[in-house]
Amino acid sequence: MDQIISTLAIWAMPVLLAITLHEAAHGYVARHFGDPTAEHAGRITLNPLRHIDPVGTLLVPGMILWLTWPAGMLFGWAKPVPVSFGRLKNPKADMLWVAAAGPFANLVMAVAWALIFLVGKQLEGSSYALPMLAMAEAGIHINAILMILNLLPIPPLDGGRIAVSLLPGQLAVQFAKLERFGFPILLVLLFTGILGAVLGPLVALFRYALALVFGLTI
């Protein structure tokens with residue numbers, strides 16, 4: 001129990017920041033391209049309570065973490081930011097930037113946590129070093145997972161929206177129709193192990209690239 005509590009204490013801030021900034025970024029870019037829906041809904045905010053989905057952010061990840069402990073599989077979702085794509089200045093083209101904003105925010109946060117990791121290494125021997133290093137490592141990992149997961153070309157993930165934006169007319173329409181099957185597809189991929197088999201190497205590759213750039217040992 002003590003180990004679970006300490007793990008939650010280390011992961012709480014990185015996870016909340018990863019989810020909050022990811023969702024706020026969608027709303028901010030949508031507003032930039034002409035759709036104020038997210039702003040009117042109060043979703044362009046750093047307040048995590050506005051983005052938390054009780055089931056997807058708390059219940060499901062908690063149950064999966066408990067059922068898979070100590071492997072610690074993590075899967076969940078935040079409350080989707082409302083975007084009225086028809087209100088964008090150029091709906092099909094601008095959809096790409098709105099969708100890409102979330103994964104890009106996770107990329108920026110992964111880099112920020114890598115810098116915090118470097119600071120922690122400089123403080124080795126102090127009482128702050130180990131918690132800082134553990135939290136930075138968690139921040140890098142969760143942002144890598146969210147970035148790569150959301151870039152998978154499965155509607156309604158961001159990668160699916162990016163694909164719809166890039167595909168030609170009728171093909172984009174047909175591909176967008178897959179959105180209603182997206183969540184069941186993800187669950188099947190998760191519980192059959194396919195999702196982990198796809199994400200694992202990609203997350204490891206990203207972490208390796210980040211380690212090379214910043215000279216990290218994570």
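Scanning the range 5-36 for residues that are crowded, with 18+ Cβ neighbours inside 10 Å and of a type in the set (Ser, Thr, Tyr) yields 20, 28. Surrounded by 15 or more Cβ atoms within 10 Å (Cβ to Cβ), more than 16 Å from residue 24 (Cα to Cα) and modelled with pLDDT under 95: does that describe residue 134? Answer is yes for this residue. Scanning the range 195-218 for residues that are under 15 Å from residue 149 (Cα atoms) and out of contact with any helix residue (DSSP H, G or I) (no Cβ under 8 Å at 6 or more places or on another chain) yields 197, 200, 201, 204, 205.
For the criterion of being among the small types (Gly, Ala, Ser), in contact with an Asp or Glu (Cβ under 9 Å, 6 or more places away or on another chain) and part of a helix (DSSP H, G or I), residue 25 fails.
For the range 60-105, residues that are modelled with pLDDT of 75 or more, assigned to a helix (DSSP H, G or I) and out of contact with any Pro (no Cβ under 9 Å at 6 or more places or on another chain) total 16. The set of residues in the range 37-59 that are modelled with pLDDT under 85, outside any loop (DSSP other than H, G, I, E, B) and surrounded by fewer than 18 Cβ atoms within 10 Å (Cβ to Cβ) comprises 49, 54, 55, 56, 58, 59.
Within the range 154-192, restricting attention to residues that are more than 13 Å from the chain's Cα centre (by Cα) and outside any helix (DSSP H, G or I), which residue is surrounded by the fewest Cβ atoms within 10 Å (Cβ to Cβ)? Please lay out each step first, then the result.
Step one: list which residues in the range 154-192 are more than 13 Å from the chain's Cα centre (by Cα), which gives 154-156, 160-192.
Checking which are outside any helix (DSSP H, G or I) leaves us with 154-156, 167-168, 177-178, 192.
Values: 154: 20, 155: 20, 156: 18, 167: 16, 168: 7, 177: 9, 178: 16, 192: 10.
Applying the filter and picking the extreme gives 168.
Among the residues here, residue 108 qualifies as under 14 Å from the mean Cα position of the chain (by Cα), part of a helix (DSSP H, G or I) and closer than 17 Å to residue 213 by Cα.
Restricting attention to the range 137-153, and to residues there that are without any contact (Cβ under 8 Å) to a residue 60 or more places away in the chain and part of a helix (DSSP H, G or I), which single residue is surrounded by the most Cβ atoms within 10 Å (Cβ to Cβ)? If you could, list the steps in order and put the result at the bottom.
Step one: list which residues in the range 137-153 are without any contact (Cβ under 8 Å) to a residue 60 or more places away in the chain, which gives 147-149, 151-153.
Restricting the remaining residues to those that are part of a helix (DSSP H, G or I) gives 147-149.
Details: 147: 24, 148: 21, 149: 22.
Checking each candidate, the answer is 147.
May I ask you to list the residues in the range 81-120 that are of a type in the set (D, E, K, R) and either buried (at least 16 other Cβ atoms within 10 Å of the Cβ) or without any contact (Cβ under 8 Å) to a residue 40 or more places away in the chain (or both)? 94, the sole residue that qualifies.
The values are calculated or read from the model by the stated rules, or taken from the named source; none is laboratory data. In this text, all values refer to a predicted model and were calculated from it rather than measured experimentally. Neighbour counts run over all protein chains shown; Cβ positions are idealised from the backbone, glycine included.
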